[in-house]
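Enquirer: For reference, the structure I am asking about is given below.
The values are calculated or read from the model by the stated rules, or taken from the named source; none is laboratory data. Quantities reported herein were computed from a predicted structural model and do not represent experimental measurements. Every residue, glycine among them, receives a Cβ derived from its backbone with ideal geometry; neighbour counts consider all protein chains shown.
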Amino acid sequence: MSQYKQNKPNNRRKRNFILIIILEILLILILFFGYRWYITNRNDNKSDPAKQSEQGEDKEDSKDNEEGKSQDDTSSNEPTLTPEEQEAAAEQERLKKEEADRQELIAKADRLALRYDYDAAIELLKSYKTEQGGYEIYPVLTDAISRLETEKGTLVNLGGSYHSVTEINHIFFHTLIVDNAKAFDGDSMSKGYNMYMATIPEFNKILQKLYEDGYVLVNMSDLTEKVTLEDGSSKYVEKEILLRPGKKPIVISQDDVSYYDYMKEDGFANRIILTEEGKITCTMVQDDGSVVTGSFDMVPLIDDFVEEHPDFSYKGAKGLIALTGYEGVLGYRTNDPSSPTYEEDKKEAMRVAEAMKAEGWEFASHSWGHRNLREISLSHLKTDTQRWLDEVAPIIGPTDILVFPFGVDFETTVGTYSSDKYQYLKSKGFNVFCGVYSKPWMHIKKDYVRMTRRSIDGQAFLEFPHRLTDLFDPKTIIDPDRPGKDW
Ligand SMILES: [Zn+2]
């Protein structure tokens, strides 16, 4: 009994002990699985940045659970940046933008240098400024400036190809033929077009050839300038034209850019216009009356070519446009105040002329009525000139260049002008006079400048091809659609 009694507490102790062991095992299991559940859940939540709070607590698991990746995601998240870090990032962004601005400025300066405008290019770079200071503190800019200054130092007057501006070629065209079939259709005008006009493919080939041979477009105003002497008098002198070695300046002009009525339905443009984007181009009327837009004449064709080849133009020079007035200008009938569209046409012609000047074009008088200035009387010259000054000058702005109609000079002298006609024209502001000759010829006199031009047309191609061979071989230029010599 006592044994039993003695055994009883013993057994109970043993059972309690086992129970405690079981409970402890259970507790350990609960803790273990609970922890496993917690870790698994936590890692699922990692992909949602909003749910993150105790990052880093389970670092030892990171290797097994691609923790590295999710931590990268976290660090790129802006909300976690401190204000200082945000400020640093903004500063970084600003510096990056400034650097891009400087590169863009250098590219712009290089484009100016390409067209021989080194002074403007260098000036542009020197105008750069930030809150930190001027261009001097940016090596990328000072390097570019010294590079451009070195290049500028290699330029030579007239590209070294000529000794004087008097040797510069000046070639001229009339309105270009767009539709060969219409121009050369055998009607009463065909022969005239064959003699005096060039087709667009001919013109494009000539332009390409001139470019390949190193010619560079210059304007009349690039050739000479009037300087004042010590005694107060003035005289004309040659200007310097600094080009890369081997380049050759050339002037191109176009006469009678009026799109005269007689040319209607003969395959020519009918107007120079400005598009809504401000591009200078042409319109042409189709057979069905509809109007198409495109580079149908010299002005937009040269603009397009220079856009593609900026080194073909000296400081943006394009050429000279000689205008009569008797059927208006540039395709606008600004000669007729009774026209219902007179005011509108005048305004539009002014807008186009303004845009052309901004694009590097210059204008000249070609007389109002396309008169032979040697044959007409002085009084006729006066009324004609006055009419041009009244009707055309207000549209294109002032010019001191006169391009002789038919190429006929008002004097026969090869010496110095002295006639009343000269005195009159001089009194009306004309200082530069352009005739026609087969070779470059120029006089720079005290009070005026005279320069001849070479015509580029069917007559030159077919009748006097030998006169052109220094510029190009006419055989490689002539349009297969052009009839043979038929005059
Ligand atoms: Zn003419």
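Enquirer: Is there any pair with a first residue in region 321-341 that is free of Cβ contacts under 8 Å to residues at least 40 places away in the same chain and on the phi < 0 side of the Ramachandran plot and a second that is of a type in the set (Phe, Trp, Tyr) and surrounded by fewer than 17 Cβ atoms within 10 Å (Cβ to Cβ) whose Cβ atoms are under 9 Å apart and which are 6 or more apart or on different chains, and what are they?
Expert: 333/342; 336/342
Enquirer: Report the residue count in region 251-266 for those that are within 13 Å of the ligand (Cβ to nearest atom) and in contact with a helix residue (DSSP H, G or I) (Cβ under 7 Å, 6 or more places away or on another chain).
Expert: Total meeting the criteria: 1.
Here's the yes/no breakdown for (1) buried (at least 21 other Cβ atoms within 10 Å of the Cβ); (2) away from the ligand (no atom under 16 Å from the Cβ); (3) not in a loop (DSSP other than H, G, I, E, B):
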| residue | (1), (2), (3) |
| --- | --- |
| 307 | no, yes, yes |
| 340 | no, yes, no |
| 343 | no, yes, yes |
| 349 | yes, yes, yes |
| 354 | no, yes, yes |
| 376 | no, no, no |
| 384 | yes, no, yes |
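Enquirer: Here is a follow-up. What's the number of the condition residue 265 fails, among (1) over 20 Å from residue 403 (Cβ atoms); (2) exposed (fewer than 15 other Cβ atoms within 10 Å of the Cβ); (3) at pLDDT 95 or above?
Expert: It is condition (3) that residue 265 fails.
Enquirer: When residues of region 396-419 are filtered for being farther than 13 Å from residue 362 by Cα and either assigned to a loop (DSSP other than H, G, I, E, B) or away from the ligand (no atom under 16 Å from the Cβ) (or both), how many remain? Break it down into steps so the answer makes sense when it comes.
Expert: Taking region 396-419 as the starting set, the residues that turn out to be farther than 13 Å from residue 362 by Cα are 404-419.
Next, only the ones that are either assigned to a loop (DSSP other than H, G, I, E, B) or away from the ligand (no atom under 16 Å from the Cβ) (or both) stay: 404, 408-419.
Qualifying residue count, region 396-419: 13.
Enquirer: For region 409-450, which positions are in contact with a strand residue (DSSP E or B) (Cβ under 7 Å, 6 or more places away or on another chain) and of a type in the set (Gly, Ala, Ser)? Outline the logic, then answer.
Expert: Our first condition is that a residue be in contact with a strand residue (DSSP E or B) (Cβ under 7 Å, 6 or more places away or on another chain); within region 409-450, this holds for 409, 425, 430-438, 440-446, 448-450.
435, 438, listed by residue number.
Enquirer: Can you say whether residue 238 is at pLDDT below 95 and surrounded by fewer than 21 Cβ atoms within 10 Å (Cβ to Cβ), as far as the supplied structure shows?
Expert: No.
Enquirer: For region 213-223: of the residues being more than 20 Å from the chain's Cα centre (by Cα) and assigned to a helix (DSSP H, G or I), which is surrounded by the fewest Cβ atoms within 10 Å (Cβ to Cβ)?
Expert: Applying the filter and picking the extreme gives 221.
Enquirer: Restricting attention to region 229-246, does a residue exist that is in the same structural domain as residue 332 (by TED's automatic domain parsing) and within 16 Å of the ligand (Cβ to nearest atom)? Can you show your working first?
Expert: Taking region 229-246 first, the residues in the same structural domain as residue 332 (by TED's automatic domain parsing) are 229-246.
If we keep only those that are within 16 Å of the ligand (Cβ to nearest atom) too, we end up with none.
No, region 229-246 contains no residue that is in the same structural domain as residue 332 (by TED's automatic domain parsing) and within 16 Å of the ligand (Cβ to nearest atom).
Enquirer: Can you name every residue in region 129-153 that is in contact with a Lys or Arg (Cβ under 7 Å, 6 or more places away or on another chain) and either within 16 Å of the ligand (Cβ to nearest atom) or assigned to a loop (DSSP other than H, G, I, E, B) (or both)?
Expert: Listed by number, the list holds a single entry, 138.
Enquirer: Determine which member of the set 325, 319 is crowded, with 21+ Cβ neighbours inside 10 Å, under 20 Å from residue 218 (Cα atoms) and within 16 Å of the ligand (Cβ to nearest atom).
Expert: Numbers: 325 fails: under 20 Å from residue 218 (Cα atoms).
Just a single option satisfies the conditions, and that option is 319.
Enquirer: Spot the failing condition for residue 271; the list is (1) among the charged types (D, E, K, R); (2) within 18 Å of residue 331 (Cα to Cα); (3) at pLDDT 95 or above; (4) over 30 Å from the mean Cα position of the chain (by Cα), and only one is missed.
Expert: (4)
Enquirer: Six or more apart or on different chains, Cβ under 6 Å: which pairs go from a residue in region 394-407 that's over 19 Å from residue 335 (Cα atoms) to one that's within 8 Å of the ligand (Cβ to nearest atom)? Could you list them?
Expert: The qualifying pairs are 403/322; 403/366.
Enquirer: List the number of the failed condition for residue 205; all other conditions in (1) within 18 Å of residue 309 (Cβ to Cβ); (2) assigned to a loop (DSSP other than H, G, I, E, B) hold.
Expert: (2)
Enquirer: Name the single residue, out of those in region 447-480 being over 30 Å from the mean Cα position of the chain (by Cα) and of a type in the set (A, V, I, L, M, F, W, C), that is surrounded by the fewest Cβ atoms within 10 Å (Cβ to Cβ).
Expert: Going through the qualifying residues, I end up with 464.
Table: residues versus (1) out of contact with any Phe, Trp or Tyr (no Cβ under 9 Å at 6 or more places or on another chain); (2) among the hydrophobic types (A, V, I, L, M, F, W, C); (3) away from the ligand (no atom under 16 Å from the Cβ).
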| site | (1), (2), (3) |
| --- | --- |
| 171 | yes, yes, no |
| 175 | no, no, no |
| 185 | yes, no, yes |
| 188 | yes, no, yes |
| 195 | no, yes, no |
| 201 | yes, no, yes |
| 205 | no, no, yes |
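Enquirer: Is region 78-94 home to any residue that is charged (D, E, K, R) and modelled with pLDDT under 80?
Expert: Our first condition is that a residue be charged (D, E, K, R); within region 78-94, this holds for 78, 84-85, 87, 91, 93-94.
Right, trim to modelled with pLDDT under 80 and you get 78.
Yes.
Enquirer: Can you tell me which condition residue 284 does not meet? The list is (1) buried (at least 21 other Cβ atoms within 10 Å of the Cβ); (2) away from the ligand (no atom under 16 Å from the Cβ), and all the others hold.
Expert: Here residue 284 meets the rest and fails (1).
Enquirer: Out of the residues in region 150-205 that are basic (Lys, Arg) and over 25 Å from the mean Cα position of the chain (by Cα), state the one that is nearest to residue 437 (Cα to Cα).
Expert: Applying the first criterion (basic (Lys, Arg)) to region 150-205 yields 152, 182, 191, 205.
Keeping just the survivors that are over 25 Å from the mean Cα position of the chain (by Cα) gives 182, 191.
Numbers: 182: 30, 191: 22 Å.
Here the residue is 191.
Enquirer: Got a number for residues in region 135-192 being at positive phi and touching a residue at least 12 places away in the same chain (Cβ under 8 Å)?
Expert: Initially, region 135-192 is screened for residues at positive phi, giving 158-160, 186.
When the remaining residues are screened for being touching a residue at least 12 places away in the same chain (Cβ under 8 Å), the result is 158-160.
Here the count works out to 3.
Enquirer: Kindly check whether there is at least one residue in region 241-256 that is in contact with an Asp or Glu (Cβ under 7 Å, 6 or more places away or on another chain) and not aliphatic (A, V, I, L, M).
Expert: Step one: of region 241-256, the residues in contact with an Asp or Glu (Cβ under 7 Å, 6 or more places away or on another chain) are 241.
Next, only the ones that are not aliphatic (A, V, I, L, M) stay: none.
Taking every residue of region 241-256 in turn, none turns out to be in contact with an Asp or Glu (Cβ under 7 Å, 6 or more places away or on another chain) and not aliphatic (A, V, I, L, M).
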